[in-house]
Amino acid sequence: MSEHRSLPSVPRHIAIIMDGNGRWAVQRGLPRVVGHENGAKAVRACIEGCAELGVQYLTLYAFSQENWLRPKAEVSGLMSLLEKFLHENTAELVAKNVRLQAIGRLTDLPAPCQVQLNRAIEATAGCNGLTVILALSYSGRLELIDAIKSLLREIELGHIDKAMIDPETFSKHLYTRYYPDPDLLIRTSGEMRLSNFLLWQVSYAEFYVTKKLWPDFCKEDLLEAMEEYSSRQRRYGAIHEG
Ligand code: FPP
């Protein structure tokens, strides 16, 4: 990281759509899974960068509900990689005071993956530095449906009155109820799509799209995204006079 740059204002919560692993591999004549392996290295660097820069929450789109439709070999490669990543990195997460969390339909994951995930979550539960939230078997639309079902249950039980439902109440039924909404959403590989990610939560987030493919995304790119974020004026739909 450049020593002569002044530090940008740091977003409290960064969310990332990590895209381009496949293209990165294809460009090199390598199997797609090698792209994912290098993507996992970029995940490590990104966690390290966010922890160093004082980001409080980092949500990573690691596996979408739609990703189950990929060829079987790629899906099992990704699941093994996730399991290995958690196994090999939990001690370092603890050493760096990083708390690991996960959102999505986690019971869809293969059992060994769930075991490693739960171990990592438990091992890091006492850490109070950066919180890393892995979105796994995640779908923004299904999250909204799950929230509506949960609200309906509460109404049926008489715990809440439907006239009282406002954005704040609704947010409390999302998978992300324990975390603030993202301030900055980064997407790599140049695509300008949300791809069913955090549909409700990114309502006021600043978007930053880079052409870099995810395995090439490094701390310098993170800093560049933060600099761009610092230069934006966030108005939340209002106009500030004066
Ligand atoms: C998108 O690239 C990326 C994914 C579907 C998975 C993201 C996974 C990782 C970064 C590695 C494992 C994660 C952890 C947390 C260890 P793509 O395959 O859609 O790329 P393409 O659009 O170029 O084909």
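The values are calculated or read from the model by the stated rules, or taken from the named source; none is laboratory data. Keep in mind the model is a prediction, meaning the values are calculated, not measured. Using ideal geometry, Cβ is built from the backbone for each residue, glycine included, and neighbour counts are taken over all protein chains shown. Remember, those area values only see protein heavy atoms, side chains included, never the ligands or the DNA or RNA. Shrake-Rupley method; radii C 1.70, N 1.55, O 1.52, S 1.80 Å.
Considering each residue of region 95-106, count those that are in a helix (DSSP H, G or I) and closer than 17 Å to Ile133 by Cβ, and give that number.
Of the residues in that region, 1 qualify.
Open to solvent by 20 Å² or more (accessible area, probe 1.4 Å), outside any helix (DSSP H, G or I) and aliphatic (A, V, I, L, M): which single residue out of Ala62, Ala51, Ala73 fits that description?
Ala62
Given the condition in contact with a Lys or Arg (Cβ under 7 Å, 6 or more places away or on another chain) and within 12 Å of the ligand (Cβ to nearest atom), answer yes or no: does some residue in region 92-110 qualify?
Residues of region 92-110 that are in contact with a Lys or Arg (Cβ under 7 Å, 6 or more places away or on another chain), as a first pass: none.
Checked against the condition, which is being in contact with a Lys or Arg (Cβ under 7 Å, 6 or more places away or on another chain) and within 12 Å of the ligand (Cβ to nearest atom), region 92-110 yields no hits at all.
Within region 25-32, identify whether any single residue is basic (Lys, Arg) and near the ligand (Cβ under 9 Å from one of its atoms), and answer yes or no.
yes
With respect to the numbered conditions (1) open to solvent by 20 Å² or more (accessible area, probe 1.4 Å); (2) in contact with a strand residue (DSSP E or B) (Cβ under 8 Å, 6 or more places away or on another chain); (3) within 13 Å of the ligand (Cβ to nearest atom); (4) farther than 21 Å from Asp19 by Cα, which one is the sole condition not fulfilled by Gln56?
(3)
Just a yes or no: is a residue in region 11-20 surrounded by fewer than 22 Cβ atoms within 10 Å (Cβ to Cβ), out of contact with any strand residue (DSSP E or B) (no Cβ under 6 Å at 6 or more places or on another chain) and small (Gly, Ala, Ser)?
Looking for residues that are surrounded by fewer than 22 Cβ atoms within 10 Å (Cβ to Cβ), out of contact with any strand residue (DSSP E or B) (no Cβ under 6 Å at 6 or more places or on another chain) and small (Gly, Ala, Ser), one finds none in region 11-20, hence no.
When residues of region 22-41 are filtered for being within 19 Å of the chain's Cα centre (by Cα) and open to solvent by 30 Å² or more (accessible area, probe 1.4 Å), how many remain?
Total satisfying the criteria: 3.
Looking at the structure I just gave you, is Glu241 more than 15 Å from the chain's Cα centre (by Cα) and modelled with pLDDT of 95 or more?
The answer is no for Glu241.
Is there any pair linking a residue in region 154-168 that is farther than 19 Å from Trp200 by Cα and assigned to a helix (DSSP H, G or I) to one that is charged (D, E, K, R) and open to solvent by less than 100 Å² (accessible area, probe 1.4 Å), with Cβ under 8 Å and at least six apart or on different chains, and which?
Pairs that qualify, where the first residue is farther than 19 Å from Trp200 by Cα and assigned to a helix (DSSP H, G or I) and the partner is charged (D, E, K, R) and open to solvent by less than 100 Å² (accessible area, probe 1.4 Å), are Ile155/Asp161.
Show the residue pairs meeting these rules: Cβ distance below 8 Å; 6+ apart or different chains; first residue within region 16-36 and assigned to a loop (DSSP other than H, G, I, E, B); second residue of a type in the set (Asp, Glu) and within 9 Å of the ligand (Cβ to nearest atom).
Final answer for the pair search is Asp19/Glu191.
Can you list residue pairs whose Cβ atoms sit under 9 Å apart, with the first residue in region 91-113 being touching a residue at least 60 places away in the same chain (Cβ under 8 Å) and the second being open to solvent by 60 Å² or more (accessible area, probe 1.4 Å)? Count only pairs 6 or more apart in sequence or on different chains.
So the pair list comes out as Gln101/Tyr178.
So which residues in region 183-242 are of a type in the set (Asp, Glu), away from the ligand (no atom under 16 Å from the Cβ) and assigned to a loop (DSSP other than H, G, I, E, B)?
Hits for region 183-242 are Asp183, Glu241.
Can you run down the residue pairs with Cβ atoms below 6 Å, 6 or more apart or on separate chains, where the first is in region 78-90 and more than 18 Å from Glu48 (Cβ to Cβ) and more than 8 Å from the ligand (Cβ to nearest atom) and the partner is open to solvent by 30 Å² or more (accessible area, probe 1.4 Å) and not aromatic (Phe, Trp, Tyr)?
That search, which allows pairs on different chains as well, returns Met79/Pro110; Glu83/Pro112.
From the list Leu142, Leu82, which one is open to solvent by less than 30 Å² (accessible area, probe 1.4 Å), touching a helix residue (DSSP H, G or I) at 6+ places or on another chain (Cβ under 7 Å) and either more than 24 Å from Ile14 (Cα to Cα) or not in a strand (DSSP E or B) (or both)?
Leu82
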